[in-house]
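The block underneath contains the structure these notes are about, expressed in structure tokens.
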Amino acid sequence: MKLAKLKPFYLFLFCICSFTLFAQNTQLAATHDHDHDHDHAHHVSSPLKFVKNNNQWHSNIKYSAELGGLNKVYLEDQAFTYLLYAKKETDELHDILKESQEVRDQHNVPGHAYKVHFLNSQKSAFSGHDRRPEYYNYFLGKDENKWASKVPLFEKIVYENVYENIQLAAYSQDGNFKYDFIVGPNADPSQIQLAYEGVEGMRLEDGNLILETSVDEIQELKPYVYQMIDGEQSQVDCKYVLTDNILSFEFPNDYQHELPLIIDPTVVGATLSGSTGTNYGHTATFDNAGNIYAAGIVFGDGYPTTMGAFQMVGAGGIEMGITKYTPDGTAQVYATYLGGSSNDYPHSLIVDFNGQLCVYGSSGS
């Protein structure tokens, strides 16, 4: 379903390079480190913050999380709703906001929402886990009934018994949205049926699910499914079954029904930086090997820096955020903050013949 187009001055902005929206998952009771045989750069990023609805939003929303930039996910009774915005028009917002009010009013950002219903599921009790120390306050309009103070934030939300003896855990890893179906012993995984509403098309390609929307094409990779047997993770063969707009799971070689089963799909979406903090892109370059370098400014925490980077956390004020990507742009080589206690801005990047990145800019630090 297409959304009404939004005016830019109501929006938080994002810019820099490549973000990935994931829904790859881990076991509820114990963390595991599998990477689904996909090579993702290991980086340090702030976890997503699931904000509880204390009557500041419509009652169908239980929790909401920002997925970077304008994109959001809403956790609802028996459903998720994804809200995505067109990248091109969003990238233009930074320059449009410098223009007159009249020009700003004429700039629209197309959006698209689609819903994933947990078909024939039960109404769940929601529980928040890993509560964050901070909280949010909302003062929306003149209706004090929509004001909410000290709204809690969590890093994990659990749907209890979304199906009989099946839990759903929603959380994040490396700043990416993730969810698991945890099928209890002797529970029936055929109960799980996902009905997609609002997509413009669906198809299976090489075992992956392709979703067509008005602003982007979303890919759900074939699910990674496993059981813990004698302390070791044992993969279970599984494939999608698509009937009309309803997705389910099939297990060609069966599995050990007396043990829990973890179903772990992966949703791959639009290309943004992964920053959960507001950021603007300023400059980019490449080196002789084709590696890509991007630099911008970052407001606060949330830039996805890599382990061992020059500056893994911000020092205060407006920071530079600098990332080096592989030539195809699919993985980070490194990402770092760069700046002092005041405001710092990158203006241009140059890589010399020795492969050293030179950053030119201005600093108030």
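The values are calculated or read from the model by the stated rules, or taken from the named source; none is laboratory data. Because the structure is predicted, anything quoted here is derived from the model rather than measured. Neighbour counts run over all protein chains shown; Cβ positions are idealised from the backbone, glycine included. These accessible areas exclude ligands, DNA and RNA; they are computed on the full protein's heavy atoms, side chains included. Shrake-Rupley method; radii C 1.70, N 1.55, O 1.52, S 1.80 Å.
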>> Here is a check on your reading of the model: is F177 within 24 Å of P47 (Cβ to Cβ), open to solvent by 20 Å² or more (accessible area, probe 1.4 Å), among the aromatic types (F, W, Y) and assigned to a strand (DSSP E or B)?
In response: no
> Which of the residues spanning the stretch 211-229 are aliphatic (A, V, I, L, M) and either touching a Cys at 6+ places or on another chain (Cβ under 8 Å) or surrounded by 16 or more Cβ atoms within 10 Å (Cβ to Cβ) (or both)?
Replying inline: L211, V215, I218, L221, V225, M228
> Just for the stretch 151-174: of the residues that are modelled with pLDDT of 90 or more and aromatic (F, W, Y), which one is most open to solvent (accessible area, probe 1.4 Å)?
Replying inline: F154
> Going through the stretch 310-350 one residue at a time, which ones are of a type in the set (A, V, I, L, M, F, W, C), free of Cβ contacts under 8 Å to residues at least 60 places away in the same chain and in a loop (DSSP other than H, G, I, E, B)?
Replying inline: F310, V313, A315
> If you take the residues in the stretch 33-72 that are over 23 Å from G141 (Cα atoms), aliphatic (A, V, I, L, M) and modelled with pLDDT of 50 or more, which one is farthest from the chain's Cα centre (by Cα)?
Replying inline: L48
> From the list L204, L194, which one is of a type outside the set (D, E, K, R) and either open to solvent by less than 20 Å² (accessible area, probe 1.4 Å) or within 26 Å of G111 (Cβ to Cβ) (or both)?
Replying inline: L194
> Can you name every residue in the stretch 71-85 that is touching a Gly at 6+ places or on another chain (Cβ under 9 Å) and either within 12 Å of V162 (Cα to Cα) or not β-branched (V, I, T) (or both)?
Replying inline: N71, Y82, L83, L84, Y85
> Can you tell me which residue in the stretch 100-139 is modelled with the highest pLDDT, limited to those that are surrounded by 13 or more Cβ atoms within 10 Å (Cβ to Cβ), assigned to a loop (DSSP other than H, G, I, E, B) and not hydroxyl-bearing (S, T, Y)?
Replying inline: L119
